[in-house]
Amino acid sequence: MTGPALKPARLAAADILRVGAVGLRARRARVVLSALGIAIGIATMVAVVGLSTSSRADLMSRLDRLGTNLLTVEAGKDALGREVKLPKNAEAMVERIGPVQQATATGQLDARIRRSDVVPEEQPAGVTAQAVRTDLLTALNSRVAKGRWLDRAGERLPVTVLGAVAAERMGITEPGEKIMMNDRYVVVVGILGPVELVPNLDRMALVGFPAAQRYLGFDGHPTTVFERSPDASVDDVRAVLARTVMPGNEGSVKVSRPSDALAAKAAADKGLTGLMLGLGAVALLVGGVGVANTMVVSVLERRQEIGLRRAIGATRAAIRLQFLTESLLLSALGGVAGAALGAAATFAFAAAQGWVAVVPLWSLGGGLGATLVIGVLAGLYPAIRASRLDPTVALHAA
């Protein structure tokens with residue numbers, strides 16, 4: 001009389017994990033080195049995505065604060081290549097455009113800027129001068145870092161406000177000091193903070209239109225007009241600005257949107273992010289090859305163990321599952337470490353830059369998911385090879 005047919009025993013999930021972990025614990029140095037390749041790849045990808053996202057979030061925040069509705073009109077050249085001048089009443093002409101909320105202007109000055117009269121005239125300070133209207137600061141959403149801005153009285157006096165870079169180049173740290181414009185001393189009444197929308201103003205010494213005309217020979221023609229209008233009307237205003245300022249000669253002026261430069265920076269950052277993600281993927285691939293190599297060597301070293309397990313009843317499927325589990329655990333170890341390192345790098349760098357750190361959850365989830373795929377692919381061949389070992393041959397292996 002025959003008894004019931006015997007069925008192969010099946011390991012519980014917890015047992016499978018324990019068996020897989022035993023192989024890793026026995027070869028810790030090799031496991032750490034193999035996991036390091038995975039960790040570097042995942043850390044690179046998470047950090048790149050996190051830093052790119054944090055940078056763009058900071059840029060978008062700055063754009064929201066500065067506004068994207070600022071347009072500029074600049075004097076250019078006519079068809080014969082000659083320099084043109086904007087009309088003296090260019091601001092008033094722009095203000096007549098219905099949606100325009102504010103218009104202001106600056107004018108380039110031909111003035112030599114020196115720290116004092118002991119500095120030779122032929123030794124430039126790397127600072128230029130511009131005449132400005134008193135409402136320029138409001139139009140650009142900028143601020144004075146030290147001192148004060150030009151008011152109705154100050155715009156008529158021989159005083160100046162320096163841009164942040166200009167003050168540094170001139171060695172001016174506090175308002176109240178004097179510099180020379182041509183052969184006249186002028187008093188520095190303020191130092192601007194960085195002007196993000198119009199960074200060339202950072203290198204300027206700014207004086208009022210009336211003072212520039214009275215003391216510096218300014219002819220009163222603006223070289224740049226700034227205007228703000230509602231966001232919904234920006235494109236419509238942009239379409240008519242050139243012919244409004246220079247009727248019949250609109251091709252001689254250039255209309256631009258300063259915020260476009262910041263938006264272009266975001267686009268460039270996005271392209272660089274793609275490149276860095278590609279490098280991270282290469283590092284991850286190299287890590288996967290390292291895992292596969294570790295698992296193949298592990299199979300060769302553990303033939304007697306495999307033969308013994310097969311001899312006492314372990315099925316081929318159980319052997320395959322054991323080595324696949326080892327490969328997955330090895331990859332997961334590198335993936336978790338890499339995700340943690342990438343997130344930590346993002347938070348540290350963002351804090352140093354003064355950004356709000358943003359680490360998208362999809363980057364963490366995608367990174368960990370990629371490690372599992374790498375683990376399966378890297379462990380599949382070694383697992384199949386291990387399951388096909390003949391128990392007798394494996395037990396007698398040296």
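Distance between the C-alpha centres of segment 68-129 and segment 340-363: 41 Å, rounded to the whole angstrom. Computed over protein heavy atoms with a 1.4 angstrom probe, the accessible surface ordering of D110, D260, largest first, is D110, D260.
Mind telling me which of G338, G171, G287 comes out most flexible in a GNM of the chain, alpha-carbon contacts under 10 Å? Its mean-square fluctuation being the largest, the pick is G171.
For the residues L285, L70, L389, L80, a 1.4 Å probe over the protein chains yields an accessible-area ranking, largest first, of L80, L285, L389, L70. Springs join every pair of Cα atoms under 10 Å in this Gaussian network model of the chain, and among S331, S259, S142 the largest mean-square fluctuation is at S142. Label positions at K88 and E250, each projected 7 Å from the Cα along the C-beta direction, are separated by 2.6 nm. With contacts taken as Cα pairs under 8 Å at a separation of at least 6 residues, the chain carries a relative contact order of 30 percent.
Helical runs (DSSP H, four residues minimum) scored at -39500 (n - 2.57) apiece and divided by the length of the chain put the mean residue ellipticity at 222 nm at -18000 deg cm²/dmol. Pop out the ³J(HN,Hα) list for segment 198-205 in order, Karplus 6.51 cos²θ - 1.76 cosθ + 1.60 with θ = phi - 60°, rounded to Hz; leave Gly and Pro as x. Each residue of segment 198-205 in turn: 10, x, 5, 5, 5, 9, 10, 9 Hz.
Take each peptide in 368-374, 201-207, count the other Cβ atoms within 10 Å of every residue, and average; sorted highest first, the result is 201-207, 368-374. 3J(HN,Hα) along segment 333-338: 4, x, x, 5, 5, x Hz, from the Karplus curve 6.51 cos²θ - 1.76 cosθ + 1.60 with θ = phi - 60°, whole Hz, x for Gly and Pro.
Listed by chain and number, the aspartates and glutamates placed with their C-alpha closer than 12 angstrom to that of K254 are E74, D78; residues fewer than eight positions away on the same chain are left out.
Just so you know, the averaged projected area of the alpha carbon convex hull for the chain sits at 32.2 nm². With contacts defined as alpha carbon pairs under 8 Å and 6 or more residues apart, what's the relative contact order of segment 46-109 in percent? Reported relative contact order: 14 percent. Computed in the context of the full set of protein chains, the accessible area of the chain at 1.4 Å probe radius has 61% of its extent on carbon or sulfur.
Using only side-chain charges placed at the Cβ, +1 for Lys and Arg and -1 for Asp and Glu, the dipole size of the chain relative to its Cα centre rounds to 2020 debye.
Distances between placed amide hydrogens fall under 5 Å for A145 paired with I191, L192, G193, all partners being 5 or more residues away or on another chain.
The values are calculated or read from the model by the stated rules, or taken from the named source; none is laboratory data. Remember, predicted model here, so these are calculated numbers, not experimental data. Note that we place each Cβ from the backbone using ideal geometry, even for glycine, and neighbour counts take in every protein chain shown. Side chains included, ligands, DNA and RNA excluded: accessible areas come from the protein's heavy atoms. Shrake-Rupley method; radii C 1.70, N 1.55, O 1.52, S 1.80 Å.
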